[in-house]
Amino acid sequence: MKQKTRSKRNIRSLLLPLLMLLTIAVAASCGGGGGGGSTPTSPPSNLDTSFGDNGKVVTFFGNNAWTFGKAMAVQDDGRIVVAGYANIGTDSDFALARYNTDGTLDTTFGVGGKVTTGFFSGEDDRASALAIDSIGRIVVAGYAYVSGTNSDFALTRYNTDGTLDMNFGGGGKVTTGFFSGEYDRASALAIDSIGRIVVAGSAYNGIESNDFALARYNTDGSLDTSFNSSLLCIPNSICNGKLATNFNGGEDVAYGIVLQADGKIVVAGYGDTNLNLVLARYTTHGTLDTTFGGGDGLVTTGSLRSAFALAIDSDGRIVAAGEASNSTDSDFALARYNTNGTLDTTFGGGDGLITTGFFSGEDDRASALAIDSIGRIVVAGYAYVSGTNSDFALTRYNTDGTLDMNFGGGGKVTTGFFSGENDSAFALAIDSDGRIVAAGYTDTGPGYGIALARYLP
């Protein structure tokens, strides 16, 4: 018996290296995506393999319908709602999909888990933002072309089953123009403590450039005339529910919005004459908050190019994510501000700023951010791998701004879907179990589909 046992051990010792080589070869041939997420030398993916197909889900709307995910929220029951747009037929419409916690489409929502909504016949509509109100209704914002030559803010509200809420606007839809006959685009929304909907984006002023644009709506979809109110307001002018802000005559576009605990509204994007990261804070009445920034309610951070997402941490500090340029490429950028708008010098390298790159000489952009239950900052966007294709890209930072080395490889994760194609994350959420969900789109080659990935904490 001892001789037989010894022989078996000898056989195992000979086979083990062969099995290890075989395992490596199989892993190399079965990589699940393009670029940085597909090779054995890539950092750990952190993908939650219980979700979808080994952590990833791709959804299409019809044959050859190009579909893009732009916004996402996780319901209290864990189901995931994604909004964006789908090119179906001659134009594009708002597109929503809802997923069960395992990544399968929720067939109780819309038709087979999907909903599309158009505004004006033959015109393009694109959703960019999504939020869920206190009773579970889904509010979506973006823009709708009115005549092919101009666009307006566009909002929809859906019941929990995906049907349009007929108590909102006209048949569940609302459109709002700022400057007559010009381009207005909503990019972000938030719902305040009494259910009012605050939407931010941009409006072309018809003279020289875009302005930050905000509108606030009552729960029925009507404009809240107490917001930027004026007794002298001319019908359809920029008051009584709407406002526009110009930074020194420059090109100003808002992409992110967040509401403070006191109801003040913080908006971020890019602007000024030099196209820098800009923040604006407004009072609950819609006037610029003179206690913020240099006394005018505005903050400009010249070393960063733009902000695309905002969050407020447990100490009331404002965190903005976007991009910064260096001599050769662009990187993830993160800035943290004190409540008065000054940069938080306890964050990053003592200047309140952080930049993070993925692949040398390639462009990266942060599009979404979330703060987890212990204060870590999670950022999602895309990273170009080789100049020709991009992957989902995520980073996680400790509260002081250092990369969290327990996340992925050195605080970074990249995920590809289809080899050699472009994948971009635009939305991010953290569920009740601490799992990180990123949503955006993937290029399959023939067309685009909504893409989701879920990561373990």
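Mind checking whether some residue in segment 145-165 is surrounded by 18 or more Cβ atoms within 10 Å (Cβ to Cβ), among the acidic types (Asp, Glu) and more than 23 Å from residue 256 (Cα to Cα)?
Yes, segment 145-165 has at least one match.
Among the residues of segment 286-294, is there at least one that is crowded, with 18+ Cβ neighbours inside 10 Å and in contact with an Asp or Glu (Cβ under 6 Å, 6 or more places away or on another chain)?
No, segment 286-294 contains no residue that is crowded, with 18+ Cβ neighbours inside 10 Å and in contact with an Asp or Glu (Cβ under 6 Å, 6 or more places away or on another chain).
Test residue 392 against the stated conditions and say whether it is assigned to a loop (DSSP other than H, G, I, E, B), in contact (Cβ under 8 Å) with a residue 12 or more places away in the chain, crowded, with 20+ Cβ neighbours inside 10 Å and not polar (S, T, N, Q).
The answer is no for residue 392.
Against the conditions (1) of a type outside the set (S, T, N, Q); (2) buried (at least 22 other Cβ atoms within 10 Å of the Cβ); (3) closer than 21 Å to residue 175 by Cα, where does residue 109 fall short? Just the number, please.
(3)
Take segment 254-265 and flag every residue that is in contact (Cβ under 8 Å) with a residue 24 or more places away in the chain and either closer than 15 Å to residue 316 by Cα or part of a loop (DSSP other than H, G, I, E, B) (or both).
257, 258, 259, 260, 261, 263, 264, 265
Evaluate the following for residue 268: is it under 22 Å from the mean Cα position of the chain (by Cα) and among the hydrophobic types (A, V, I, L, M, F, W, C)? Spell out how you get there, then give the answer.
Numbers: under 22 Å from the mean Cα position of the chain (by Cα): yes; among the hydrophobic types (A, V, I, L, M, F, W, C): yes.
So residue 268 fits the description; yes.
Does residue 245 satisfy the condition of being modelled with pLDDT of 95 or more and either polar (S, T, N, Q) or over 22 Å from residue 192 (Cα atoms) (or both)? Break it down into steps so the answer makes sense when it comes.
Details: modelled with pLDDT of 95 or more: no; either polar (S, T, N, Q) or over 22 Å from residue 192 (Cα atoms) (or both): yes.
So residue 245 fails the test.
Scan segment 249-261 and give yes if some residue there is of a type in the set (Asp, Glu) and modelled with pLDDT of 95 or more, otherwise no.
The answer is no, given that none of the residues of segment 249-261 is of a type in the set (Asp, Glu) and modelled with pLDDT of 95 or more.
Given the residues 118, 89, which is the only one that is touching a Phe, Trp or Tyr at 6+ places or on another chain (Cβ under 9 Å), among the small types (Gly, Ala, Ser) and over 24 Å from residue 367 (Cα atoms)?
On the way: 89 fails: touching a Phe, Trp or Tyr at 6+ places or on another chain (Cβ under 9 Å).
When all the criteria are applied, what remains is 118.
Scan 411, 445, 375, 401 and give me the residue that is at pLDDT below 95 and surrounded by fewer than 24 Cβ atoms within 10 Å (Cβ to Cβ).
Checking each option against the conditions leaves just 445.
Among the residues in segment 188-210, are any crowded, with 24+ Cβ neighbours inside 10 Å, closer than 22 Å to residue 74 by Cα and either among the β-branched types (Val, Ile, Thr) or free of Cβ contacts under 8 Å to residues at least 40 places away in the same chain (or both)?
yes
How many residues are part of a strand (DSSP E or B) and in contact with a strand residue (DSSP E or B) (Cβ under 9 Å, 6 or more places away or on another chain) when one looks only at segment 152-186?
Narrowing segment 152-186 to residues part of a strand (DSSP E or B): 152-158, 164, 170, 173-176, 183-186.
Retained after the next criterion (residues that are in contact with a strand residue (DSSP E or B) (Cβ under 9 Å, 6 or more places away or on another chain)): 152-158, 164, 173-176, 183-186.
The total comes to 16.
The values are calculated or read from the model by the stated rules, or taken from the named source; none is laboratory data. Model, not experiment: these values are computed from the prediction. Glycine gets a Cβ as well: all are built from the backbone with ideal geometry, and neighbour counts include every protein chain shown.
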